[in-house]
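Quick notes on the structure that follows.
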Amino acid sequence: MADPSLRLELLMDYAQRLPELPEQYHPLRDAGLNMVHECQAPVFLVVDVEEGKVRIHADVPREAPTARGFTSILIESFNGADPAEVQAAPVDGLHALGLDTLLGMQRTRGLSAIYRRVQEEVARKAAA
Amino acid sequence: MSTEWVANHLDDTQNIRIIESDEDILLYEMGHIPNAVKIDWVTDLQDQIVRDYVGKDRFAQLCSERGIGNDTTVVFYGDKNNWWACYAFWVFKLFGHEKCLIMDGGRKKWEAEGRPLVREKPEFPQTNYQAKDPDPSIRAFRDEVYEFMKRGGQLIDVRSPAEFTGEKLHMPEYPQEGALRGGHIPGARNVPWARAVDEDGTFKNREELEHIYLEEKQLRPDDEVIAYCRIGERSSHTWFVLKYLLGFDQVKNYDGSWTEWGNLVGAPIEKGPEQPPA
């Protein structure tokens, strides 16, 4: 396992790479819809399946870089993927990334909710 | 202490150590007050196996590595209205550190004032810190809380009203943190912790605080008070307010809090709104 400060740096890189939320989603975000309520930070998440591919759009405030970083990892990993790949990803994704030991139990729980939401929405949209 | 005071003492690293303590584990790395060191509430202050704080030796090592001596004045600040800064402050007091301060307004105010944030991590000469045994006068354990409740002691529950009444098991927007029962310790009064801060993140002034805690909630400053929340973090904020801003004599933090009480077999629980003091 890489040393903790290195993993923090990686997470920070991801936090800085989170794409801007397309303007079409701003009204939804500003209305407080599509929020992941289990997470400490106000995370706005839209998960769609378009032409058989997963599309994720998200917005997380800069004051919450950890949630930003993790959301950004999810976007880079899953955008454009087949729904089946997302569903096949391990349920304990944070553990697989070694983030749980880095963050501690409470923070991990909040972030797991983002991950769970992505998997649930993909399953729902792919079935629709 | 004000942000201005801190800004004027950034270079006094011989005598002063500025410590950032945040809920978010990355904020310090993204930019912090020049010469500030980081202490994380999970990875630095909590034991990773037993549900407890680190021991005295580990605490001493933590301070020594950051160049904190027994005489150093430590100034805490952080995100979320200094919630975690107060938590770290409490742990320092637990191990007997004398000179502890909070930067009023925390990260939010420092940033709002356009003051500098840097990424460079400072290094200070290692010290040989000597930690004291944990101070039992600021920490309450469950058996003591039970006895205290039975004799009608002043308990203050600083969670949100919905958690207090038992409608919810966790804070709005926060993760479920495993309690099997909802409600509060019988006889507790409810003052959500954030009532002690203003919009800009600074503590309310003494008069306003007295109005909330002394008049509205009828707390007696000469008698013992035990504060609790869900895991003992929000209550360390109220603990700070009562002890250092209002001068209460004996205030303890029950860090087992609701995640302990709400899971204890047979522990008495009251649901619904606050009951008038007996």
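The values are calculated or read from the model by the stated rules, or taken from the named source; none is laboratory data. As the structure is a computational prediction, the values presented were derived from the model and not from experiment. Quick reminder, even Gly has a Cβ in these numbers, built from the backbone with ideal geometry, and neighbours come from all protein chains shown. We work out accessible area using only protein heavy atoms, side chains counted, and drop any ligands, DNA or RNA first. Shrake-Rupley method; radii C 1.70, N 1.55, O 1.52, S 1.80 Å.
Structure data summary
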{"item": "DSSP-loop trypsin sites (Lys or Arg not before Pro) across the range B:3-75, with at most 13 other Cβ within 10 angstrom", "result": "B:ARG51"}
{"item": "Reachable aspartates and glutamates from B:LYS121, criterion Cα separation under 18 angstrom, eight or more residues apart if same chain", "result": "A:ASP3, A:GLU9, A:ASP13, B:ASP11, B:ASP12, B:GLU20, B:ASP22, B:ASP24, B:GLU29, B:ASP40, B:ASP44, B:GLU65"}
{"item": "Surface share of carbon and sulfur [accessible, 1.4 angstrom probe, percent] for the protein assembly as shown", "result": "50"}
{"item": "Cα-centre dipole for chain B with unit charges at Cβ (Lys and Arg positive, Asp and Glu negative), debye to 20", "result": "480"}
{"item": "Long-range amide H partners of B:VAL197 with built H, under 5 Å", "result": "B:LYS204"}
{"item": "Heavy-atom accessible surface that B and A bury in contact, both chains counted, 1.4 Å, Å² to 100", "result": "1900"}
{"item": "Total charge dipole magnitude, the protein assembly as shown, about the Cα centre, Cβ charges on Lys, Arg, Asp, Glu only, Debye to nearest 20", "result": "640"}
{"item": "The range A:1-61, relative contact order [Cα under 8 Å, separation at least 6], %", "result": "24"}
{"item": "Taking the range A:4-127 and dividing mean pair separation by its residue count, relative contact order in percent (alpha carbons under 8 Å, at least six apart)", "result": "28"}
{"item": "Tensor-based shape of the range A:4-127 (alpha-carbon gyration tensor, a/c under 1.5 rounded, otherwise prolate or oblate)", "result": "oblate"}
{"item": "Inter-site label distance for A:ASN79 and B:ASN8 at 7 Å from Cα along Cβ, in nm", "result": "4.8"}
{"item": "Loop trypsin sites (Lys or Arg not before Pro), the range B:91-137 (other Cβ atoms within 10 Å of the site Cβ: 10 or fewer; DSSP)", "result": "B:ARG119"}
{"item": "Chain-alone versus full-assembly comparison, the range A:57-102, residues with accessible loss of at least 50 Å² (1.4 Å probe)", "result": "A:PRO65"}
{"item": "Virtual spin-label span in nm between B:ARG206 and A:MET105, 7 Å along Cα→Cβ", "result": "4.2"}
{"item": "Between 0 and 90°, nearest 10: helix A:65-78 axis offset from chain A longest Cα axis", "result": "60"}
{"item": "Charged-residue dipole, Cβ positions (Lys, Arg, Asp, Glu), chain A about Cα centre, Debye nearest 20", "result": "260"}
{"item": "The protein assembly as shown - accessible surface per residue (Å², probe 1.4 Å)", "result": "45"}
{"item": "Across B:LYS80/B:LYS243; B:LYS93/B:LYS271; B:LYS56/B:LYS252, pairs whose alpha-carbon gap is larger than 29 Å", "result": "B:LYS93/B:LYS271"}
{"item": "Positive minus negative residues near B:TYR87 (Lys, Arg vs Asp, Glu; Cβ under 13 Å)", "result": "-3"}
{"item": "Mean separation of Cα contacts under 8 Å, 6 or more apart, over the residue count of chain B: relative contact order %", "result": "19"}
{"item": "Dipole-positive endmost among B:MET1, B:VAL91, B:TRP261 within chain B (Cβ charges, Cα centre)", "result": "B:TRP261"}
{"item": "Listed residue (B:LEU246, A:VAL49, B:ILE25) projecting farthest to the positive dipole end of the protein assembly as shown, Cβ model", "result": "B:LEU246"}
{"item": "Exposure rule at most 11 other beta-carbon atoms within 10 Å, DSSP loop GluC sites (Glu not before Pro): chain A longest free segment", "result": "A:52-128"}
{"item": "Of all DSSP beta bridges in chain B, antiparallel share, percent nearest 5", "result": "15"}
